[in-house]
């Protein structure tokens, strides 16, 4: 998932420049290419949450699969990184 990796790099670059994690992906500004504002696979915004010094970045489920999703189902969304664990 190259797009998720590029989002992670933008988050880490922000962290290095500001000494903190962004509160939202919108705060990344020019560090995140416009084409990466949404997951290119699901065409939905990324799930991002930061708490203290940790963050969670995940892809959302494909539309129409939300109700049937399970952790084993690849269509239920993919956790890109959860550096809190």
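Taking the condition of being free of Cβ contacts under 8 Å to residues at least 40 places away in the same chain and either in contact with a helix residue (DSSP H, G or I) (Cβ under 6 Å, 6 or more places away or on another chain) or under 22 Å from residue 61 (Cβ atoms) (or both), how many residues in segment 27-45 meet it? Number satisfying all stated conditions: 13.
Of the residues making up segment 3-18, none is surrounded by 15 or more Cβ atoms within 10 Å (Cβ to Cβ), modelled with pLDDT of 85 or more, more than 11 Å from the chain's Cα centre (by Cα) and part of a loop (DSSP other than H, G, I, E, B). Pairs are defined by a Cβ separation below 6 Å, a sequence spacing of at least 6 or placement on different chains, a first member in segment 1-14 that is in contact (Cβ under 8 Å) with a residue 40 or more places away in the chain, and a second member that is in a helix (DSSP H, G or I) and surrounded by 16 or more Cβ atoms within 10 Å (Cβ to Cβ); the pairs so defined are 7/36. Looking only at residues in segment 43-67 that are in a loop (DSSP other than H, G, I, E, B) and either under 12 Å from the mean Cα position of the chain (by Cα) or modelled with pLDDT of 90 or more (or both), the one that is nearest to residue 11 (Cα to Cα) is 46.
The values are calculated or read from the model by the stated rules, or taken from the named source; none is laboratory data. What you see is a predicted model; the values in this text were computed from it and never measured. Cβ sites come from the backbone with ideal geometry, for glycine too, and all protein chains shown count toward neighbours.
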